[in-house]
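Just so it is clear, none of the values below were taken in a lab; they were calculated from the coordinates. On a predicted model such as this, the values are computed, not experimentally measured, just so you know. Quick reminder, even Gly has a Cβ in these numbers, built from the backbone with ideal geometry, and neighbours come from all protein chains shown.
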Amino acid sequence: TDNNQGVGGFVLPEAAYNFEDREDEVYFNDSLVMSPKLINQFRILVGRQHTPTTSLSRDPSIVVPGSFVGGGAQADRLQTETHTSLNEIVSWSHGKHDIRAGINVPDISRRGLVDLTNTGGTYSFSTLQDYQLRRPYALVQQQGDGKVIFLETVLGAFFQEEYRLRPNLTISAGVRYDWQNYLHDNNNIAPRVSFAYAPAKNRKTIVRGGAGFFYDRTGPGPVFDLERYNGSRLRQIVLTTPTYPALFDAAMLAAQPISLTRLDPTIKMPYTAQFSMGVERQLYKGTTLSATYWATRGVGLFRSRDINAPPPPNYQVRPIPGIG
């Protein structure tokens, strides 16, 4: 539990919020030696998370850049999660071969969000004098149903083999498959390979290297945005030069363009390609010196863009005027 968060600098104590995060988990592990060469490992976890954020004040937020941020924090929200994860791994050793295969379920969860942030609105003033004259240049306010519930499923499976080609040389190769329910992309196969080589007879020096592909996951944040800002559930209203305090009527609010969050229909799960090469040297019995080089390149990484932003040269008119 963290109380009176977000204050300091230009942020006044009245604009603080309280934060709490509670997670309860129960898990079960089982390791079964089926034979001297065959081991089965199973793990399952079930948990529940409850994370409320509460503003100290319900008043609208007041922002005067370079002077103060006051009023309410407008940070009220409740995020919940009931989740399950499990692993099932089989390991088999035979001669120079060590083989592992398994199913990995990082997350099967029911996620909930009650978003009441900025329902009281945020007024922005250019200067302290404008604040004293009650002349804001913008009001941003959120209205509508902020309750969202969705199911998230992330699945994976892998196979790998480690082969002792020589007493001083081991190579390993494997492949992993990843799947996520909100991205309809079903060919996420990630190969990986590595080696370890000890050139000297005393094996105090080891050269290691490897390369592989690793797929990413969205996490719940973008999915919450897709569900909240779908054009009907929540409306984010932006008014320029509003009255202070603002006086709304239904016709004026209905005329404001809505903001939407949508998923690119061509989106695919992004991945990183990683390569590493290193040398380890045992100096003494308990001391090892190592130097390693890593290279990582991301492909198709997640990003969020305003595709309806006003274009140059005047940056005044949106390509689709009816959308924010």
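Shown for the range 1-91 is the translational diffusion coefficient from the Stokes-Einstein equation, using the Kirkwood radius over Cα pairs, a temperature of 37 °C and a viscosity of 0.692 mPa s: 198 µm²/s.
Contour minus end-to-end for residue 1 and residue 31, with contour as 0.36 nm per residue of separation and end-to-end as the Cα-Cα distance?
7.2 nm
Paramagnetic label reach from residue 40 (point 7 Å along Cα→Cβ; backbone nitrogen cut-off under 14 Å): within the range 82-107, residues 87-92, 101-103. Can you give me the Rg/Rh ratio for the range 221-324, using Cα atoms for both radii and the Kirkwood formula for Rh? Computed over Cα atoms, the ratio is 1.31. Of the options (i) 21.6, 84; (ii) 27.3, 84; (iii) 19.4, 63, only one is Rg and Dmax of the Cα atoms in Å as computed from these coordinates, and that is (ii). Between residue 258 and 324, the built amide H atoms are under 5 Å apart, and every one of these is 5 or more places off in sequence or on another chain.
The phi-based Karplus calculation (6.51 cos²θ - 1.76 cosθ + 1.60; θ = phi - 60°) puts the 3J(HN,Hα) values of the range 216-224 at 9, 9, 6, x, x, x, x, 5, 4 Hz, whole numbers, x for Gly and Pro. Counting only helical runs of four or more DSSP H residues, what would the 222 nm mean residue ellipticity of the chain come to if each run contributes -39,500 (n - 2.57) and the total is spread over all its residues? Dividing the helical sum by the residues of the chain leaves -1500 deg cm²/dmol.
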